[in-house]
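Here is the structure we will look at.
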Amino acid sequence: METKLLNLKGKEVGSCDMPEAVFSVKPDKNFLHEVVKHYLANKHRGTACTKTRAEISGGGKKPWKQKGTGRARAGSNRSPVWRGGGVTFGPKPRSFRQYLPHQKLRQALIEALSARYAEGSVLVIENLALEVAKTSSLSDLRKTLGREGKSVLFVTDKMDKNFLTASRNIGSFGWCLAKNLNAYEALRNDRLVLTTGAVKALAANVKEN
């Protein structure tokens, strides 16, 4: 199971052996949906907060007497029916975190990578080592990766400082270490560009677990 091996200029320089245990597994859409919901829930900050009538300032005095005014009875200006009053059943800070076993998260990553590879969204590159930290040095690679607006995630076993600096001004470029890659990031980006080191690291991670 081989794929094209590219250099930083986007030219083919050989081939790379892709481990079948990582890139040829049949994905389960329902399972991947469950895992993506897990990651999105854990990204939810849950900081929305409203005040109840007990937390609103004021309201210690009855606005007007009970009878004889012709108006509805009122006991406090902190009532939820008053403008500026408390909120009934409003949101309070809470945790949206979900738990999934490590084995399920690892299996989801394998299925996500297999799905992206099957649809041709995975490219393999020699390395990300640049001689100079200039954005212009990535112009040929940008042409190979396709039109603007498509998000590209570079996955490597170790990051090159020059590449990180050169790609900083390209909004569609992102990167992560192979050990930190998850199913959500693999599915969220339009293209995945793996270094040969990242491919080996992902294969080794599957064997260890």
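The values are calculated or read from the model by the stated rules, or taken from the named source; none is laboratory data. Quantities reported herein were computed from a predicted structural model and do not represent experimental measurements. Cβ: placed from backbone, ideal geometry, glycine included. Neighbour counts: every protein chain shown.
Filter the range 12-42 down to residues that are part of a loop (DSSP other than H, G, I, E, B) and surrounded by fewer than 12 Cβ atoms within 10 Å (Cβ to Cβ), then give me how many there are. Reasoning before the result, please.
The first filter runs over the range 12-42 and keeps only residues part of a loop (DSSP other than H, G, I, E, B), leaving 18-19, 24-28.
In the following step, the residues that additionally are surrounded by fewer than 12 Cβ atoms within 10 Å (Cβ to Cβ) were identified as 26.
Going through the range 12-42 one residue at a time, the tally reaches 1.
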Counting just the residues of the range 79-137 that are over 22 Å from K37 (Cβ atoms) and of a type in the set (K, R), which one comes out farthest from the chain's Cα centre (by Cα)?
R83
Which listed residue, of G60, G46, is more than 30 Å from G197 (Cβ to Cβ), small (G, A, S) and modelled with pLDDT of 90 or more:
G46
Close pairs from the range 37-60: first touching a residue at least 60 places away in the same chain (Cβ under 8 Å), partner of a type outside the set (V, I, T) and assigned to a loop (DSSP other than H, G, I, E, B), Cβ under 8 Å, at least 6 apart
K37/Q98; H38/Q98; H38/L100; Y39/N182
Would a scan of the range 166-180 turn up a residue that is at pLDDT below 85 and more than 21 Å from the chain's Cα centre (by Cα)?
yes
Looking at the range 53-73, which of the residues that are surrounded by fewer than 10 Cβ atoms within 10 Å (Cβ to Cβ) and under 44 Å from the mean Cα position of the chain (by Cα) is farthest from V87 (Cα to Cα)?
S57
